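S.K.: Structure provided below as structure tokens; questions to follow.
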2 protein chains.
Amino acid sequence: MEPVGYIKPPDLDAVFAALADPTRRAILSRLASGEASVNEIAAPFEMSQPAVSKHLKVLEHAGLIERDTEKQRRPARLKAAPMADAVNWLEEFRTFWSSSFDQLDGLLEAIQNAETKGGVNE
Amino acid sequence: MEPVGYIKPPDLDAVFAALADPTRRAILSRLASGEASVNEIAAPFEMSQPAVSKHLKVLEHAGLIERDTEKQRRPARLKAAPMADAVNWLEEFRTFWSSSFDQLDGLLEAIQNAETKGGVNE
DNA sequence: ACTACATATAACCAATTAGTTATGGAACCA
DNA sequence: TGGTTCCATAACTAATTGGTTATATGTAGT
């Protein structure tokens, strides 16, 4: 049994890998407007139902969806929490893409990092 | 020649795939504290230099790093812009992970989405 | 009991990935 | 000139991925 208050560390490998496929991103977008059955999810895609079931399994494994079991349908519902983990990791780099950092071309970068003890870690 | 003002569409496939590997994320974190040569990057890892060169190629292809050429070194520097594209895509789902959306268990979700015309797309 | 439906699973396949070792080539040092 | 350092490339391999078709399973309808 897990200790009370246990929080599983975000599996960024699985989350980013799940997000790396356009079909899976489309599925997530679809689920943002409500849960859907496998066939409903599969309809827009030119691909077999088992292929979609596989994508759903990848998404579920990454914690990005949940499956229900009602009658013979197994609807999927969005679980966006792991996306927050992904964004949290990316946010550590915000400095580097905002405020036209590229123009400074790494000048401030060196200075700034010389006086911060910490760093960007996983 | 490209038209003036042309903006290449973000290749989310390549960006997310590049981020899906822990070695590559560690490399990006390393580069956040300044550019580094291939050997400097490779040092902390228990893996051959060619393996690291491959990772760098993946990161470069995703637009996440740039390579210089000075003397015989080929230092890599962080280019974080594609991370902003990734975050932008993820931000569309912020509603679903913030404000304890999970507790509501999809109740508000259905209502809210019934009255918004648009949706979350790629 | 038979049929249709919704989904999962198995077996297979081609392409990609992440690593390896071996080698090549350019730049520096003596 | 010869050796060393830095890096890239080639060739190979094992594992993973994303798809297929065929089949199995559970549920519902008649």
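S.K.: Once you put a point 7 Å from the Cα of B:Ala51 and another 7 Å from the Cα of A:Glu66, both along the Cβ direction, what distance in nm separates them?
M.R.: Roughly 3.9 nm, to one decimal.
S.K.: First measure r as the distance between the Cβ atoms of A:Asn39 and B:Asp13, then evaluate 1/(1 + (r/R0)^6) with R0 = 30 Å and state the FRET efficiency to the nearest 0.05.
M.R.: Efficiency, rounded to the nearest 0.05: 0.70.
S.K.: Taking A:Asn88 in one copy and the same position in all the others, each labelled 7 Å out along Cα→Cβ, what are the pairwise distances from the first, in nm, shortest first?
M.R.: 2.6
S.K.: Sort shortest first the distances from A:Pro44 to its counterpart in every other copy, using label points 7 Å along the Cα-to-beta-carbon line, and give them in nm.
M.R.: Spacings between copies for this position, smallest first, are 3.9 nm.
S.K.: Sequence neighbours fewer than 8 away in the same chain don't count; with that in mind, list the lysines whose C-alpha is under 29 Å from A:Lys79.
M.R.: Of all the lysines, those that pass the test against A:Lys79 - Cα under 29 Å, at least 8 places apart if same chain - are A:Lys8, A:Lys54, A:Lys57, A:Lys71, B:Lys117.
All of the numbers you see were taken from the coordinates with simple rules; none came from a lab. Since this is a predicted model, take the numbers as computed values, not measurements. All Cβ positions, glycine included, derive from the backbone under ideal geometry; neighbour counts span all protein chains shown.
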